[in-house]
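Below is one structure, written out as structure tokens, with a few remarks after it.
The values are calculated or read from the model by the stated rules, or taken from the named source; none is laboratory data. Here the structure is a predicted model, which means the values were calculated and not measured. A quick note on method: Cβ atoms are made from the backbone with ideal geometry, for glycine too, and the neighbour counts reach across all protein chains shown.
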């Protein structure tokens, strides 16, 4: 068993994959398993993977999928193959610092934590983020879990004990254009008993042009929003820790619900202007297709979001009044 398995989905990653894999094969942690899944690429991604495996056969495992299943599906294939004591994740667009997995693993062994987190750097915004403060470390309770969930964060900055993801196996949905990691993100915090962190920035997020996270297509984005809301609820609502974290979870779901509504109304808002006095007009002038989408989304919202917006402190403190009014109008009409 390797100390750490790192799973990387790759689709048409010609421009970035070599840099990503170079940062992983040169980790100071020698006992590492790097699992790369080719998600039916149409460029030379598979050839790059084969060259890397030939050069580092003791570290690199490559898997070729003939069917494109999206980032979530490809990552799930990699998770099925992961044998490490701990599991990490990365994206083919990005790269990591050479000491990342050694320091995360050492911290995991020192503390026995189920999850160990670290810092995230975005090249586009030139900003770094650390989401696990000292007071959130250690044994998790409802308050800590809620604050961690509400703070968002990233799977790629963490390592997880293998059993968190594999006992039982928990996987991402296939062919989601965005938000495919949300249900796993929340699930792992509900399941884990403890968390630790290394207060260093290791992960470099590059947000390359055309990357998976850039989503403007209405149908694809709506599908991702709907399936993310449904997926989080279905995967998590029966878990023991759910009730104690429900306010934070529903805050995240409310944000996603708002994203979906605003994407459906994007053209109307751009045309009429962003103003609380114009909210009714956004819906009055929405197209037939968008109106049907909003009706379906609102019905799902009634199932997965129970706490009224005004009673959820996370919602009141973090979502704009305009967005709340837009959601309320959507609720009233459907």
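Assorted remarks:
- Out of 143, 152, sole residue that is modelled with pLDDT under 95 and in the same structural domain as residue 123 (by TED's automatic domain parsing): 152
- Pairs with Cβ under 6 Å, 6+ apart, first in segment 25-44 and at positive phi, second part of a strand (DSSP E or B): 40/65
- Options 234, 275: the member that is at pLDDT below 95, surrounded by fewer than 17 Cβ atoms within 10 Å (Cβ to Cβ) and outside the structural domain of residue 123 (by TED's automatic domain parsing): 275
- Out of 222, 233, 257, one residue alone is under 19 Å from residue 287 (Cβ atoms) and in contact (Cβ under 8 Å) with a residue 40 or more places away in the chain. It is 222.
- The residues of segment 296-321 that are in contact (Cβ under 8 Å) with a residue 40 or more places away in the chain, part of a helix (DSSP H, G or I) and surrounded by fewer than 17 Cβ atoms within 10 Å (Cβ to Cβ), listed by number, are 296, 303, 313, 318, 321.
- When residue 240 is tested against (1) closer than 27 Å to residue 81 by Cα; (2) assigned to a loop (DSSP other than H, G, I, E, B), exactly one condition is not met: (1).
- Number of the exception - residue 199 against (1) at pLDDT 95 or above; (2) within 28 Å of residue 128 (Cα to Cα); (3) not assigned by TED's automatic domain parsing to the domain that holds residue 100: (3)
- Only one entry of 123, 180 meets the criterion of being out of contact with any strand residue (DSSP E or B) (no Cβ under 6 Å at 6 or more places or on another chain) and closer than 17 Å to residue 253 by Cα, and that entry is 180.
- Lone qualifier among 196, 228, 177 - being buried (at least 19 other Cβ atoms within 10 Å of the Cβ), part of a loop (DSSP other than H, G, I, E, B) and in contact (Cβ under 8 Å) with a residue 40 or more places away in the chain: 177
- Filtered residues of segment 270-285 (kept if within 30 Å of the chain's Cα centre (by Cα), free of Cβ contacts under 8 Å to residues at least 24 places away in the same chain and outside any helix (DSSP H, G or I)): none
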